[in-house]
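Each remark here refers to the structure printed beneath this line.
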Amino acid sequence: MEDAAFPASALYPDATPEHIKNLSKRFGRQYINSDSLELYLSFHSFIVKTKRHTILVDACIGNDKERPGRPMWTKRSGPFLDNLHKQGFSPEDIDYVMCTHLHADHVGWNTRCLNGEWVPTFPNAQYLFGKKEFKFWKEFQARSKDPIMYGSHADSILPVMKSGQGLLIEGNHEIVDGVFTEPAYGHTPGNLVLNVTEGSKTLAVICGDVMHHPLQLAHPEWSSCFCENPQMSRASRIELLNRFADSDTFILPAHFQSPGYGPLERDGKGYRMKNGIGEK
(Lines give C-alpha, C1' and ligand atoms only; values in the text may rest on other atoms or scores of the structure.)
Protein backbone atom coordinates (compact mmCIF):
# COMPACT_ATOMS: atom_id res chain seq x y z
CA MET A 1 0.00 0.00 0.00
CA GLU A 2 1.67 3.20 -1.17
CA ASP A 3 0.66 6.88 -0.96
CA ALA A 4 -0.87 6.51 2.50
CA ALA A 5 -1.14 10.12 3.68
CA PHE A 6 -0.59 11.13 7.30
CA PRO A 7 -0.59 14.62 8.81
CA ALA A 8 2.98 15.45 9.78
CA SER A 9 1.85 16.19 13.33
CA ALA A 10 0.48 12.63 13.57
CA LEU A 11 3.97 11.28 12.91
CA TYR A 12 6.49 13.75 14.31
CA PRO A 13 5.71 15.87 17.37
CA ASP A 14 8.87 17.95 16.84
CA ALA A 15 7.92 19.00 13.31
CA THR A 16 6.32 22.39 12.60
CA PRO A 17 4.43 23.33 9.41
CA GLU A 18 7.36 25.57 8.48
CA HIS A 19 9.75 22.63 8.90
CA ILE A 20 7.65 20.42 6.64
CA LYS A 21 7.15 23.15 4.03
CA ASN A 22 10.90 23.66 3.73
CA LEU A 23 11.59 19.93 3.65
CA SER A 24 8.94 19.38 0.97
CA LYS A 25 11.15 21.29 -1.46
CA ARG A 26 14.01 18.96 -0.65
CA PHE A 27 12.20 15.63 -0.73
CA GLY A 28 9.56 16.28 -3.37
CA ARG A 29 5.97 15.14 -3.93
CA GLN A 30 6.87 11.46 -3.80
CA TYR A 31 7.25 11.85 -0.04
CA ILE A 32 5.51 15.09 0.99
CA ASN A 33 2.38 16.79 -0.32
CA SER A 34 3.57 20.37 -0.68
CA ASP A 35 0.00 21.72 -0.49
CA SER A 36 -1.45 19.83 2.48
CA LEU A 37 2.01 19.08 3.98
CA GLU A 38 0.90 15.49 4.55
CA LEU A 39 3.56 12.80 4.58
CA TYR A 40 3.28 9.74 2.34
CA LEU A 41 4.09 6.29 3.68
CA SER A 42 4.25 2.85 2.11
CA PHE A 43 3.38 -0.45 3.79
CA HIS A 44 5.34 -3.36 2.37
CA SER A 45 7.22 -6.57 3.09
CA PHE A 46 10.63 -7.77 1.99
CA ILE A 47 11.73 -11.19 0.78
CA VAL A 48 15.21 -12.50 1.49
CA LYS A 49 16.07 -15.40 -0.80
CA THR A 50 19.11 -17.52 0.05
CA LYS A 51 20.34 -20.63 -1.71
CA ARG A 52 18.19 -22.83 0.51
CA HIS A 53 15.60 -20.64 2.24
CA THR A 54 12.99 -17.97 1.64
CA ILE A 55 12.41 -15.45 4.42
CA LEU A 56 9.48 -13.02 4.51
CA VAL A 57 10.18 -9.94 6.65
CA ASP A 58 7.19 -8.10 8.12
CA ALA A 59 3.70 -9.17 7.10
CA CYS A 60 2.00 -5.83 6.48
CA ILE A 61 -1.67 -5.18 7.26
CA GLY A 62 -3.62 -8.23 6.15
CA ASN A 63 -7.06 -8.66 4.63
CA ASP A 64 -10.51 -8.90 6.19
CA LYS A 65 -9.42 -7.64 9.60
CA GLU A 66 -11.18 -5.23 11.92
CA ARG A 67 -8.91 -2.34 12.84
CA PRO A 68 -10.94 0.19 14.84
CA GLY A 69 -9.73 3.73 14.27
CA ARG A 70 -7.74 2.77 11.18
CA PRO A 71 -10.19 2.86 8.25
CA MET A 72 -7.48 2.32 5.61
CA TRP A 73 -6.53 -0.94 7.37
CA THR A 74 -10.06 -2.20 8.09
CA LYS A 75 -11.60 -5.01 6.03
CA ARG A 76 -8.94 -4.68 3.37
CA SER A 77 -9.07 -6.73 0.21
CA GLY A 78 -5.55 -6.04 -0.96
CA PRO A 79 -3.39 -7.92 -3.52
CA PHE A 80 -0.64 -9.02 -1.13
CA LEU A 81 -0.71 -12.71 -2.08
CA ASP A 82 -1.10 -11.87 -5.77
CA ASN A 83 1.94 -9.63 -5.51
CA LEU A 84 3.82 -12.44 -3.82
CA HIS A 85 2.90 -14.78 -6.68
CA LYS A 86 4.12 -12.19 -9.20
CA GLN A 87 7.52 -12.39 -7.53
CA GLY A 88 7.48 -16.17 -7.95
CA PHE A 89 6.46 -17.24 -4.45
CA SER A 90 3.46 -19.03 -3.02
CA PRO A 91 2.63 -19.06 0.70
CA GLU A 92 3.90 -22.65 0.83
CA ASP A 93 7.35 -21.48 -0.34
CA ILE A 94 8.03 -19.34 2.71
CA ASP A 95 10.38 -21.00 5.21
CA TYR A 96 10.52 -18.19 7.77
CA VAL A 97 8.40 -15.18 8.63
CA MET A 98 10.34 -12.66 10.68
CA CYS A 99 8.55 -9.70 12.29
CA THR A 100 10.79 -6.78 13.22
CA HIS A 101 8.18 -5.89 15.85
CA LEU A 102 4.54 -6.69 16.56
CA HIS A 103 2.62 -3.57 15.57
CA ALA A 104 -0.53 -4.24 13.57
CA ASP A 105 0.93 -3.10 10.23
CA HIS A 106 3.79 -5.60 10.48
CA VAL A 107 1.89 -8.76 11.37
CA GLY A 108 -1.39 -8.69 9.41
CA TRP A 109 -0.61 -11.33 6.82
CA ASN A 110 0.70 -13.69 9.48
CA THR A 111 -2.82 -15.11 9.31
CA ARG A 112 -5.79 -15.27 6.97
CA CYS A 113 -9.40 -16.21 7.52
CA LEU A 114 -10.29 -19.80 6.65
CA ASN A 115 -13.74 -21.20 7.51
CA GLY A 116 -14.27 -18.36 9.94
CA GLU A 117 -10.98 -18.86 11.81
CA TRP A 118 -7.64 -17.08 11.67
CA VAL A 119 -4.99 -19.56 10.56
CA PRO A 120 -1.32 -19.08 9.59
CA THR A 121 -1.03 -17.84 6.01
CA PHE A 122 2.30 -19.57 5.47
CA PRO A 123 1.73 -23.22 6.37
CA ASN A 124 5.34 -24.36 6.17
CA ALA A 125 6.95 -21.37 7.83
CA GLN A 126 8.45 -20.91 11.23
CA TYR A 127 7.40 -17.50 12.53
CA LEU A 128 10.04 -15.57 14.46
CA PHE A 129 8.94 -13.07 17.12
CA GLY A 130 11.25 -11.26 19.48
CA LYS A 131 10.96 -12.79 22.96
CA LYS A 132 11.22 -9.39 24.63
CA GLU A 133 8.64 -7.93 22.25
CA PHE A 134 6.17 -10.78 22.73
CA LYS A 135 6.50 -10.61 26.52
CA PHE A 136 5.79 -6.86 26.52
CA TRP A 137 2.58 -7.18 24.50
CA LYS A 138 1.44 -10.28 26.38
CA GLU A 139 1.74 -8.38 29.66
CA PHE A 140 0.12 -5.31 28.12
CA GLN A 141 -2.86 -7.40 27.01
CA ALA A 142 -3.17 -8.91 30.49
CA ARG A 143 -3.62 -5.37 31.86
CA SER A 144 -6.13 -4.32 29.21
CA LYS A 145 -9.82 -5.17 28.94
CA ASP A 146 -9.83 -4.22 25.27
CA PRO A 147 -8.04 -5.82 22.29
CA ILE A 148 -4.58 -4.31 21.88
CA MET A 149 -2.80 -3.17 18.74
CA TYR A 150 -6.16 -2.69 16.99
CA GLY A 151 -6.89 -6.37 17.60
CA SER A 152 -3.82 -7.69 15.79
CA HIS A 153 -2.42 -9.48 18.85
CA ALA A 154 -5.54 -11.66 18.94
CA ASP A 155 -5.95 -12.34 15.23
CA SER A 156 -2.38 -12.25 13.91
CA ILE A 157 -0.09 -13.39 16.74
CA LEU A 158 -1.95 -15.77 19.05
CA PRO A 159 -3.19 -18.10 16.24
CA VAL A 160 0.43 -18.55 15.13
CA MET A 161 1.51 -19.43 18.65
CA LYS A 162 -1.46 -21.78 19.02
CA SER A 163 -0.51 -23.60 15.80
CA GLY A 164 3.00 -24.27 17.13
CA GLN A 165 4.65 -22.34 14.31
CA GLY A 166 5.76 -19.40 16.47
CA LEU A 167 9.28 -19.25 17.88
CA LEU A 168 10.32 -16.59 20.38
CA ILE A 169 13.88 -15.46 19.68
CA GLU A 170 16.51 -13.47 21.54
CA GLY A 171 17.62 -10.11 20.16
CA ASN A 172 20.64 -11.64 18.45
CA HIS A 173 19.45 -14.67 16.52
CA GLU A 174 20.90 -16.27 13.40
CA ILE A 175 18.04 -17.46 11.20
CA VAL A 176 20.25 -19.05 8.56
CA ASP A 177 23.91 -18.62 7.72
CA GLY A 178 24.63 -14.91 7.26
CA VAL A 179 21.09 -13.71 8.06
CA PHE A 180 20.60 -12.63 11.66
CA THR A 181 18.61 -10.29 13.86
CA GLU A 182 19.98 -7.53 16.07
CA PRO A 183 18.30 -5.37 18.73
CA ALA A 184 17.27 -1.82 17.82
CA TYR A 185 15.06 -1.08 20.80
CA GLY A 186 13.00 2.05 21.26
CA HIS A 187 10.28 2.10 18.67
CA THR A 188 8.97 -0.87 20.60
CA PRO A 189 10.63 -2.55 23.61
CA GLY A 190 11.75 -5.54 21.53
CA ASN A 191 12.24 -3.96 18.09
CA LEU A 192 14.71 -5.87 15.88
CA VAL A 193 16.48 -5.31 12.57
CA LEU A 194 17.56 -8.02 10.14
CA ASN A 195 21.11 -8.12 8.79
CA VAL A 196 21.91 -9.85 5.51
CA THR A 197 25.62 -10.53 5.18
CA GLU A 198 28.16 -12.27 2.99
CA GLY A 199 31.38 -13.06 4.78
CA SER A 200 32.39 -9.94 6.69
CA LYS A 201 30.33 -7.64 4.46
CA THR A 202 26.84 -6.44 5.43
CA LEU A 203 24.85 -6.40 2.21
CA ALA A 204 21.60 -5.05 3.63
CA VAL A 205 19.81 -4.10 6.82
CA ILE A 206 16.03 -4.45 6.87
CA CYS A 207 15.37 -1.91 9.59
CA GLY A 208 11.59 -1.95 10.10
CA ASP A 209 10.46 1.21 11.89
CA VAL A 210 13.83 2.43 13.06
CA MET A 211 12.87 5.12 10.53
CA HIS A 212 9.35 5.79 9.24
CA HIS A 213 9.89 8.53 6.66
CA PRO A 214 12.84 10.02 4.73
CA LEU A 215 12.46 13.18 6.83
CA GLN A 216 14.45 11.31 9.45
CA LEU A 217 17.45 11.34 7.16
CA ALA A 218 17.46 15.12 7.49
CA HIS A 219 16.39 15.00 11.15
CA PRO A 220 17.59 11.72 12.67
CA GLU A 221 16.84 13.18 16.10
CA TRP A 222 13.09 13.07 15.37
CA SER A 223 11.27 10.06 16.81
CA SER A 224 7.74 9.29 15.72
CA CYS A 225 4.60 9.55 17.81
CA PHE A 226 4.39 5.74 17.59
CA CYS A 227 7.68 5.13 19.42
CA GLU A 228 7.27 3.63 22.88
CA ASN A 229 10.57 5.12 24.02
CA PRO A 230 11.49 8.14 21.85
CA GLN A 231 14.92 8.61 23.43
CA MET A 232 15.92 4.98 22.90
CA SER A 233 14.45 5.03 19.39
CA ARG A 234 16.56 8.11 18.59
CA ALA A 235 19.71 6.42 19.88
CA SER A 236 19.05 3.23 17.86
CA ARG A 237 18.40 5.22 14.69
CA ILE A 238 21.48 7.43 14.98
CA GLU A 239 23.69 4.43 15.79
CA LEU A 240 22.45 2.57 12.71
CA LEU A 241 22.84 5.60 10.44
CA ASN A 242 26.34 6.31 11.72
CA ARG A 243 27.42 2.71 11.36
CA PHE A 244 26.36 2.28 7.75
CA ALA A 245 26.73 5.77 6.28
CA ASP A 246 29.29 6.02 3.48
CA SER A 247 29.25 2.25 2.93
CA ASP A 248 27.67 0.07 0.24
CA THR A 249 25.16 -1.47 2.67
CA PHE A 250 21.55 -1.15 1.52
CA ILE A 251 19.20 0.27 4.16
CA LEU A 252 15.64 -1.02 3.70
CA PRO A 253 13.00 0.76 5.84
CA ALA A 254 9.48 -0.58 6.17
CA HIS A 255 7.61 2.57 5.19
CA PHE A 256 9.65 4.63 2.72
CA GLN A 257 7.86 5.07 -0.59
CA SER A 258 9.51 3.17 -3.45
CA PRO A 259 12.35 3.46 -4.36
CA GLY A 260 13.09 4.40 -0.76
CA TYR A 261 16.05 2.15 -0.11
CA GLY A 262 19.74 2.03 -0.84
CA PRO A 263 23.15 2.92 0.60
CA LEU A 264 23.49 6.03 2.76
CA GLU A 265 25.97 8.86 2.87
CA ARG A 266 26.50 11.69 5.31
CA ASP A 267 25.13 15.09 4.41
CA GLY A 268 26.16 17.72 6.94
CA LYS A 269 24.44 16.90 10.22
CA GLY A 270 22.07 14.53 8.46
CA TYR A 271 22.12 11.85 5.79
CA ARG A 272 20.84 11.12 2.33
CA MET A 273 20.51 8.02 0.23
CA LYS A 274 22.96 7.63 -2.63
CA ASN A 275 20.02 7.35 -5.03
CA GLY A 276 19.32 11.02 -4.31
CA ILE A 277 16.63 10.80 -1.62
CA GLY A 278 17.18 13.65 0.81
CA GLU A 279 19.66 15.48 -1.39
CA LYS A 280 19.69 19.23 -0.72
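The values are calculated or read from the model by the stated rules, or taken from the named source; none is laboratory data. Fair warning: this is a prediction, and the values are worked out from it, not measured in the lab. Because the Cβ atoms are built from the backbone with ideal geometry, glycine has one as well, and the counts that use them run over all protein chains shown.
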Quiz prompt | In the range 37-57, the residues that are outside any strand (DSSP E or B) and under 15 Å from the mean Cα position of the chain (by Cα) | solution = Ser42, Phe43, His44, Ser45
Quiz item: So Leu128 fits all but one of (1) within 19 Å of Val48 (Cβ to Cβ); (2) among the aliphatic types (A, V, I, L, M); (3) in contact with a helix residue (DSSP H, G or I) (Cβ under 6 Å, 6 or more places away or on another chain); what number is the exception?
Solution: (3)
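Considering only residues of the range 10-36 that are assigned to a helix (DSSP H, G or I) and under 20 Å from the mean Cα position of the chain (by Cα), which is surrounded by the most Cβ atoms within 10 Å (Cβ to Cβ)? Lay out the reasoning, then the answer.
Of the residues in the range 10-36, the ones assigned to a helix (DSSP H, G or I) are 10-11, 17-27.
Okay, now just the ones that are also under 20 Å from the mean Cα position of the chain (by Cα), so 10-11.
Details: Ala10: 13, Leu11: 22.
Applying the filter and picking the extreme gives Leu11.
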Self-check item: For Asp155: the one exception among (1) under 18 Å from the mean Cα position of the chain (by Cα); (2) buried (at least 17 other Cβ atoms within 10 Å of the Cβ); (3) not in a strand (DSSP E or B)
Solution: (1)
Practice problem: Only residues that are more than 19 Å from the chain's Cα centre (by Cα) and closer than 26 Å to Met72 by Cβ: list them for the range 92-121, please. | Solution: Arg112, Cys113, Leu114, Gly116, Glu117, Trp118, Val119, Pro120
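Considering the range 116-155 alone, what residues qualify as being touching a residue at least 60 places away in the same chain (Cβ under 8 Å) and either within 14 Å of Leu168 (Cβ to Cβ) or not β-branched (Val, Ile, Thr) (or both)? Spell out how you get there, then give the answer.
Step one: filter the range 116-155 for residues touching a residue at least 60 places away in the same chain (Cβ under 8 Å), giving 121-122, 125, 130, 150-152, 155.
Hits for the range 116-155 are Phe122, Ala125, Gly130, Tyr150, Gly151, Ser152, Asp155.
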Self-check item: Residue in the range 87-100 that is closer than 26 Å to Gly276 by Cα, of a type in the set (A, V, I, L, M, F, W, C), in a loop (DSSP other than H, G, I, E, B) and touching a helix residue (DSSP H, G or I) at 6+ places or on another chain (Cβ under 7 Å) present
Solution: no
Quiz item: Which of the residues spanning the range 23-68 are without any contact (Cβ under 8 Å) to a residue 40 or more places away in the chain and closer than 20 Å to Asn83 by Cβ?
Solution: Lys49
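Check every one of the strands (runs of 3 or more DSSP E) wholly within the range 159-230 and list those with 1 or more residues that are more than 18 Å from the chain's Cα centre (by Cα). Explain how you work it out, then say what you get.
Working: elements: 166-169, 174-176, 179-183, 192-198, 201-208.
Where strands (runs of 3 or more DSSP E) fall fully within the range 159-230 and carry at least 1 residues being more than 18 Å from the chain's Cα centre (by Cα), they are 166-169, 174-176, 192-198, 201-208.
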Quiz item: Just wondering, is there one or more residues in the range 27-40 that are at pLDDT 95 or above, closer than 17 Å to Ala5 by Cα, touching a Cys at 6+ places or on another chain (Cβ under 9 Å) and not hydrophobic (A, V, I, L, M, F, W, C)?
Solution: no
Quiz item: Are there any pairs with C-beta distances below 8 angstrom linking a residue in the range 191-203 that is of a type in the set (Asp, Glu) to a residue that is outside any strand (DSSP E or B) and at pLDDT 95 or above, with the two at least 6 apart or on different chains, and if so which?
Solution: Glu198/Gly178
Quiz item: For residues in the range 65-106 being small (Gly, Ala, Ser) and surrounded by 15 or more Cβ atoms within 10 Å (Cβ to Cβ), which is modelled with the highest pLDDT?
Solution: Ala104
